[in-house]
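Asks: Sharing a structure here in structure tokens format.
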Amino acid sequence: MRSSLATDVRGAALTEFGLLLPVLAMLLLGSLDMGHRAYARVVLDGALQKAARDSALEGGNAPAKQAQVDARLLDTARDLHNGATVTTTRLSYRTFADAARRHEPYTDTNGNGQCDNGEPFTDVIVNNSFDADIGRAGQGGAQDVVVFTSTMTYPAIMPVRGLLGLSDTVSITATAVVRNQPYNDQGANGTAGTGNCT
């Protein structure tokens, strides 16, 4: 009797399937979650690019136009997930170089990548202090460069994130950079001064 029990293989497939099922289910749900996030990122990026182009036209800095563009972004996010929220920020700069650099130009004499220890800087904002971001809130004016950042947040569609110790909330960020149309002359900047970082 003992030897026949040791050689009996009936039910072995069920045991093996029971061991593999949680791993396969986690892999399948995780793949679906990652696929949805990738799709949501592409859709949000496309919607933000269109919103940025629409806002770059004359009249794009009107509050009503900005509200309309933000509402379209929210509608796109809600098409992906009913519980989605979208926050959008606009920062305008004079040039693409300013938008890429963000901070006021300075001479990094000690090479530490920070404006400190009395290093000289160009006071673009003309407020007698070093500004880490010289962008102005809003759409700006004609020929200004605008950096749009949109963040979509929604509850995860698959329960696998909680099982892995991750947040049940998914947050996706997209950025678009456009130059406003030259419907007018670019507004004048104040005369830049100089200063020293502290």
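The values are calculated or read from the model by the stated rules, or taken from the named source; none is laboratory data. For clarity, every value in this text was computed on a predicted model and none was experimentally measured. Note: ideal-geometry Cβ built from the backbone for every residue, glycine included; neighbour counts use all protein chains shown.
Asks: Any idea which of (1) over 30 Å from Met26 (Cα atoms); (2) out of contact with any His (no Cβ under 9 Å at 6 or more places or on another chain); (3) touching a residue at least 12 places away in the same chain (Cβ under 8 Å) is the one Phe130 doesn't satisfy?
Replies: (2)
Asks: Could you list, in sequence order, the residues of segment 51-94 that are of a type in the set (Lys, Arg), in a helix (DSSP H, G or I), in contact with a helix residue (DSSP H, G or I) (Cβ under 9 Å, 6 or more places away or on another chain) and touching a residue at least 12 places away in the same chain (Cβ under 8 Å)? If you could, list the steps in order and put the result at the bottom.
Replies: Going through segment 51-94, the residues of a type in the set (Lys, Arg) turn out to be 53, 65, 72, 78, 90, 94.
Remaining after also requiring in a helix (DSSP H, G or I): 53, 65, 72, 78.
Those still in the list that are in contact with a helix residue (DSSP H, G or I) (Cβ under 9 Å, 6 or more places away or on another chain) too: 65, 72.
Matches in segment 51-94: Arg72 only.
Asks: Hey, can you tell me all the residues within segment 38-53 that are over 14 Å from Thr175 (Cβ atoms) and crowded, with 16+ Cβ neighbours inside 10 Å?
Replies: Ala40, Val43
Asks: Given the criteria at pLDDT 90 or above, under 29 Å from the mean Cα position of the chain (by Cα), under 24 Å from Gln49 (Cα atoms) and surrounded by 13 or more Cβ atoms within 10 Å (Cβ to Cβ), does Ile172 qualify? Even if it seems obvious, please write down each step before you answer.
Replies: Values: at pLDDT 90 or above: yes; under 29 Å from the mean Cα position of the chain (by Cα): yes; under 24 Å from Gln49 (Cα atoms): yes; surrounded by 13 or more Cβ atoms within 10 Å (Cβ to Cβ): yes.
It is true that Ile172 is at pLDDT 90 or above, under 29 Å from the mean Cα position of the chain (by Cα), under 24 Å from Gln49 (Cα atoms) and surrounded by 13 or more Cβ atoms within 10 Å (Cβ to Cβ).
Asks: Next question. Residues to consider are Thr85, Thr89, Thr76; find the one that is at pLDDT 90 or above and surrounded by 15 or more Cβ atoms within 10 Å (Cβ to Cβ).
Replies: Working: Thr85 fails: surrounded by 15 or more Cβ atoms within 10 Å (Cβ to Cβ); Thr89 fails: surrounded by 15 or more Cβ atoms within 10 Å (Cβ to Cβ).
None of the others qualify; the one that does is Thr76.
Asks: Hey, another quick one. Sort through Asn196, Asn180 and tell me the only one that's closer than 18 Å to Val69 by Cβ and touching a strand residue (DSSP E or B) at 6+ places or on another chain (Cβ under 8 Å).
Replies: Details: Asn196 fails: closer than 18 Å to Val69 by Cβ.
Going through Asn196, Asn180 in turn, the sole match is Asn180.
Asks: Right, here's the next one. For segment 140-159, which positions are closer than 30 Å to Tyr39 by Cα, of a type outside the set (Val, Ile, Thr), modelled with pLDDT under 90 and crowded, with 16+ Cβ neighbours inside 10 Å? Quick ask: steps written out before the conclusion?
Replies: Filtering segment 140-159 down to residues closer than 30 Å to Tyr39 by Cα leaves 145-159.
Next, only the ones that are of a type outside the set (Val, Ile, Thr) stay: 148, 150, 152, 154-156, 158-159.
Those still in the list that are modelled with pLDDT under 90 too: 156, 158-159.
Those that are closer than 30 Å to Tyr39 by Cα, of a type outside the set (Val, Ile, Thr), modelled with pLDDT under 90 and crowded, with 16+ Cβ neighbours inside 10 Å: Ala156, Met158.
Asks: Just name the residue that is modelled with the highest pLDDT out of those in segment 1-38 that are over 51 Å from the mean Cα position of the chain (by Cα) and in a helix (DSSP H, G or I).
Replies: Across segment 1-38, the extreme among qualifying residues is Thr7.
Asks: Looking at Asp45, Asp33 in this structure, which one is of a type outside the set (A, V, I, L, M, F, W, C), in contact (Cβ under 8 Å) with a residue 60 or more places away in the chain and within 30 Å of Tyr183 (Cβ to Cβ)? Can you show your working first?
Replies: Values: Asp33 fails: within 30 Å of Tyr183 (Cβ to Cβ).
When all the criteria are applied, what remains is Asp45.
Asks: What's the number of the condition Ser167 fails, among (1) outside any strand (DSSP E or B); (2) in contact (Cβ under 8 Å) with a residue 40 or more places away in the chain; (3) more than 16 Å from Met26 (Cβ to Cβ); (4) not charged (D, E, K, R)?
Replies: Just one mismatch for Ser167, condition (2).
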